[in-house]
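The structure appears below as structure tokens.
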Amino acid sequence: MRAFYALPLAACILLLGGCSDETTAPTTLKATSVADYLPSHSTLESSLRDVVEQLNGGLGLDMWATVLDRDGIVVDVVFSGTSRGDQWPGSRVISAQKANTANAFSLENLALSTANLFAPVQPGGSLFGLQESNPVDPTVAYGGKAVDFGTVKDFMIGKRIGGINVFGGGLALYSADGRLLGGLGVSGDTSCTDHIIAWKLRHALNLDNVPGGVGESNTDNIIFTVDELDGFEHPECFDAAGRGSHVEIANDLPEEYPVGSGS
């Protein structure tokens, strides 16, 4: 698009019979908005359903997913079941908390998942008390009609939700060119499986160009421990029969679904 610059005032008077304010400055290209990078409601919903059908450890339950932008404004809320009652009702707001947390504590050069924050917030940890900061806005979380939850009419959309959650399921979103776009939160199963599903979903959406992190392979992957929590670790969870080992699945994520490679 070629910029149009104003003619000198005399030329305006002679040629145009006067100039409006529109001719006094060049036009500029509109910057690409964060929304242009993020998936549509139908894409987010179908991608979540595809991931939930895979072996992810845990209990094999349906899930909620929330996406918000860098300013903490909710962009979308979806669920994987056929109706909103197919997944834990309380997990809707938890998914939003996780999205907000991952966005709030990640940077252009460092991604922290909500799973990475579990150990530091324990009593005696370096971030103890973080989980009490930035509370959820209840008027946003619980406003509107319940029948609209998880649809394009969800009351949270377009509003700042707030909230901090410090177990698995929240990841920062990075575009292919490395731009930090916001956060993704997934909830509805064990916290370990929530993290696995969030990771796979972010990968499917090609929003996983993570610049670096505290996890394996310099990512924001979950770090398991059965011993003392002294860094960025997360405790192991449990798996129902036939669901696979969440520990093995999670540890393989950077290799099976490498960051920055997209879907």
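Read-outs throughout are calculated quantities, based only on the coordinates presented, and are distinct from any laboratory measurement. Computed from a prediction, not measured in an experiment: that's the story for all the values here. Cβ coordinates were reconstructed from backbone atoms using ideal geometry, including for glycine residues, and neighbour counts include every protein chain displayed.
Details
- Rg over Rh, two decimals, the range 77-148 (C-alpha only, Kirkwood Rh): 1.04
- Counting neighbouring beta carbons within 10 Å and listing from fewest to most, the residues S40, S217, S91 come out as S40, S217, S91.
- Largest-first principal axis extents, alpha carbons of the range 156-226, Å: 40, 29, 20
- Springs between Cα atoms under 10 Å define the GNM used for the chain, and in it the highest mean-square fluctuation of D220, D239, D189 occurs at D239.
- Once the C-beta distance of A35 and K145 is scaled by a Förster radius of 35 Å, the resulting FRET efficiency is 0.90 to the nearest 0.05.
- Averaging 1/r over every pair of different alpha carbons in the range 197-263 and inverting the result gives a Kirkwood radius of 12.8 Å.
- Electrostatic dipole magnitude of the chain [Cβ: Lys, Arg +1; Asp, Glu -1; Cα centre; debye, to 20]: 1080 debye
- Convex hull volume per residue, computed on the Cα atoms of the range 85-214, equals 110 Å³.
- Size descriptor for the range 45-111, Kirkwood hydrodynamic radius: 12.9 Å (Cα pairs only, one decimal).
- Which of F105, F155 has the fewest Cβ neighbours within 10 Å, and the rest in rising order: F155, F105
- Folded to 0 to 90 degrees: helix 191-204 orientation relative to the chain principal axis, Cα: 40 degrees
- Normalised by residue count, the chain yields a Cα convex hull volume of 162 Å³ per residue.
- Taking Q122, Q97, Q87 as the candidate residues, the one with maximal mean-square fluctuation in a Gaussian network model of the chain, Cα springs under 10 Å, is Q122.
- Close lysine pairs were tallied over the chain: pairs 8 or more places apart or on different chains with Cα atoms under 29 Å apart number 10.
- Selection from A198, S42, A111 lying farthest towards where the dipole of the chain points positive, charges on Cβ: S42
- Sequence of D137, D71 once ranked by neighbouring C-beta atoms within 10 Å, starting from the fewest: D71, D137
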